[in-house]
Amino acid sequence: MTSRFGTQEFIVPIPFDAHRVQKVKDDFLAADALTKTLNPELLKSWQRSKDAIGVPANIRDVPRVDDDLLDAHILDMFQAPLARVSDDLDGTGMGLLLADSQGRILQRWSHDHNALDHLDRLGTVRGAVLAEDVVGTNGVGTVAATGRSVQISGVEHFADFYSQAVCTGSPVRHPVTGKLLAVVTISSDLSERSGLLKPLITSVTMQLEQQVLDVEQPAARMMFTTFLETVRAHTGPVLAFGPQGLVMQSQKAGRLTVADLNLIQQHCASERHSGRLALELSTGTAELQVNALEQGAGVIVVLERDRRTATTSIGPARPQLVGRSPEWLQVVHQVARHREARRPLVIAGESGTGRTSLALGLPFRPGTPVAQGLVTDAAERHVTGSRKWLQRLAEKLGASAPVIVRGIETLDAHTLDGVRSLVESSTGRGPVLLTLAATSPEEAEAMASRLGMSSLWVPPLRERSADIPALWHVFAEQVAHGAGLELRADALDALQAYGWPGNLKELRGVLEQLSLTGKRGAVLPSDLPDSMQGSRALSMIERVELEAIRKALHEADGNRSKAAEILGLSRATVYRKMKAYRLTA
């Protein structure tokens with residue numbers, strides 16, 4: 001303290017308080033040691049928040065903006081894939097959020113009342129502004145501010161009212177320009193399993209960036225432009241089904257279930273002309289206006305007012321490949337790209353995974369004209385002999401139609417060399433797709449390398465268990481039409497928990513056996529084979545946890561302590577989860 005007496009200055013000492021000085025000294029000395037234990041990026045976020053807001057007490061609520069200020073195009077592009085992710089999160093207590101690059105919430109998804117209550121308590125609703133300079137460090141605004149994936153847990157949030165929440169967010173960038181398009185975040189109450197949410201959110205953003213990349217293709221761009229024009233021109237729900245399995249869904253179509261989308265796509269996606277039809281959806285009977293686009297760019301579907309009218313048709317529906325899980329769609333997209341580029345490809349997988357159907361682009365049914373015209377069965381070589389079989393293959397390769405060789409694992413080394421020579425010297429313009437039954441991707445890669453081709457691994461049914469309801473519905477219509485064999489929830493849980501060594505063939509066999517016994521109506525767990533009863537299905541978050549632990553153990557060469565460090569979890573937590581999942585190093 002400074003005082004002035006006449007022209008002379010002197011310092012008036014502050015009364016000495018040993019306890020206060022000691023506390024200040026201790027805090028000062030401890031500060032550097034404490035901050036070293038925190039993520040430097042978190043400290044930078046706190047500093048930015050402090051510079052913009054001051055103290056946490058200054059944040060009293062979450063501001064909102066009107067709907068007309070929100071980017072509807074981003075939401076329309078990502079509505080369909082995020083709705084599917086939300087279905088997978090059902091029952092986990094987690095909410096899924098999509099925000100624009102400024103941290104404004106465009107939409108939230110959850111089927112869980114507890115999760116919705118959690119988001120309501122935080123003020124996380126459509127239009128909420130979660131920018132870092134508005135509400136401080138959080139799993140939306142901090143991603144938008146840094147362009148990096150983050151997980152903000154409990155008191156790591158700047159605002160006190162977020163102290164019981166954990167938010168894991170990741171940026172969605174344009175795969176070509178790198179521009180930040182949106183932020184996807186999973187929010188929930190504090191949970192021990194939150195440490196393994198990063199792999200999940202990374203998987204989700206990869207799906208969205210793939211969606212953006214697909215839209216960049218000329219036909220898909222045409223479809224997307226027409227879709228946006230249709231959304232602006234109609235007040236009802238609008239859908240679009242485009243090349244390579246691309247799906248667009250307007251905000252008003254968000255009430256449709258995944259089963260609704262699959263049903264509409266099966267009736268419309270493969271059509272080449274426009275028309276009207278009525279379908280029985282989860283929301284009731286809906287009348288659809290289907291507009292086919294030029295140059296194979298897909299179809300636009302407008303759902304008009306519900307009408308209790310007889311179902312009409314726009315023509316016979318072309319059979320569709322069944323499945324909307326990301327694992328399945330990824331291989332569908334990749335096969336489609338090879339087919340369009342006319343590059344030879346080995347499609348490999350376990351027995352019964354649908355390799356030939358993927359090659360055809362539609363369900364494979366032996367004996368049909370399409371199958372007989374396009375599919376060459378390698379097993380026929382044992383009947384006709386290698387020379388005649390290779391001659392027939394050469395004739396097909398000389399045409400411009402696709403050529404599919406089924407079951408190349410049955411060919412001997414000399415015949416395989418002949419196949420390679422024919423493919424390399426073929427003057428035909430059609431794509432060549434070969435299917436291979438294998439036990440591992442490594443085995444498939446070795447075979448493809450011998451043939452000088454790329455390989456693609458088809459996921460087994462146990463890795464795409466989300467598709468079981470749709471597959472069950474299709475198989476039930478085929479083998480037990482009219483029997484009403486509908487899976488009860490507990491029976492579906494048992495099927496999704498089962499390992500499926502026989503894959504799709506085994507699933508179809510279950511329905512065939514039920515049909516032979518005369519079973520009708522609801523299917524209970526007791527109706528299933530003994531081997532399929534009593535198992536508990538893993539949720540999506542549990543599957544991600546299991547995969548993350550497996551990868552960490554592999555990276556750590558089986559060292560559990562090092563794997564725990566990689567995951568950012570305690571060793572005890574990793575040990576317990578390994579025991580729960582029956583996982584060994």
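The numbers here are math on the coordinates, done by the rules we state, and not lab data. Bear in mind the structure is a predicted one, so any value in this text is a computation, not a measurement. No Cβ is skipped: glycine too gets one built from the backbone with ideal geometry, and neighbour counts run over all protein chains shown.
Entry note, the range 540-580: relative contact order of 30 percent, from Cα contacts under 8 Å with a spacing of 6+ residues.
Ranked for footprinting exposure by Cβ neighbours inside 10 Å, fewest first, D117, D412 give D412, D117. Summarising the amide proton neighbourhood of D377: residues at separation of 5 or more, or on other chains, whose placed amide H is nearer than 5 Å comprise R406. Remark: the range 155-161, residue by residue, has Karplus-estimated 3J(HN,Hα) of 5, 5, 4, 6, 7, 5, 6 Hz, where x stands for each Gly or Pro and the curve is 6.51 cos²θ - 1.76 cosθ + 1.60 at θ = phi - 60°. Seen from every direction in turn and averaged, the convex hull around the alpha carbons of the range 540-580 projects onto 2.4 nm². Shown here: the range 462-532, whose C-alpha atoms stretch 30, 22, 17 Å along the first, second and third principal axes, sorted largest to smallest. For I74, I549, the sequence from fewest to most other C-beta atoms within 10 Å is I74, I549.
Quick query: amide H of V346 versus all other amide H atoms, modeled in the peptide plane; which residues come in under 5 Å with a sequence gap of 5 or more or a different chain? Answer set, sorted by chain and number: L434, S454, S455, L456. When +1 charges are put on Lys and Arg Cβ atoms and -1 charges on Asp and Glu Cβ atoms, the dipole computed for the range 462-532 relative to its Cα centre reaches about 120 debye.
Take each peptide in 463-471, 397-405, count the other Cβ atoms within 10 Å of every residue, and average; sorted highest first, the result is 463-471, 397-405. List the residues whose amide H sits under 5 Å from the amide H of F158, counting only those 5 or more places along or on another chain, with H placed 1.01 Å from N in the peptide plane. Amide H neighbours of F158, under 5 Å, 5+ apart: T137.
Using the Karplus relation 6.51 cos²θ - 1.76 cosθ + 1.60 with θ = phi - 60°, the per-residue 3J(HN,Hα) values for the range 336-351 come to 4, 5, 5, 5, 5, 7, 6, 9, x, 8, 9, 9, 10, x, 5, 4 Hz, with x marking Gly and Pro.
Going from the fewest other Cβ atoms within 10 Å to the most, the residues Y498, Y575, Y162 appear in the order Y575, Y498, Y162. For the range 118-256, the alpha carbon convex hull comes to 134 Å³ per residue, rounded to a whole number.
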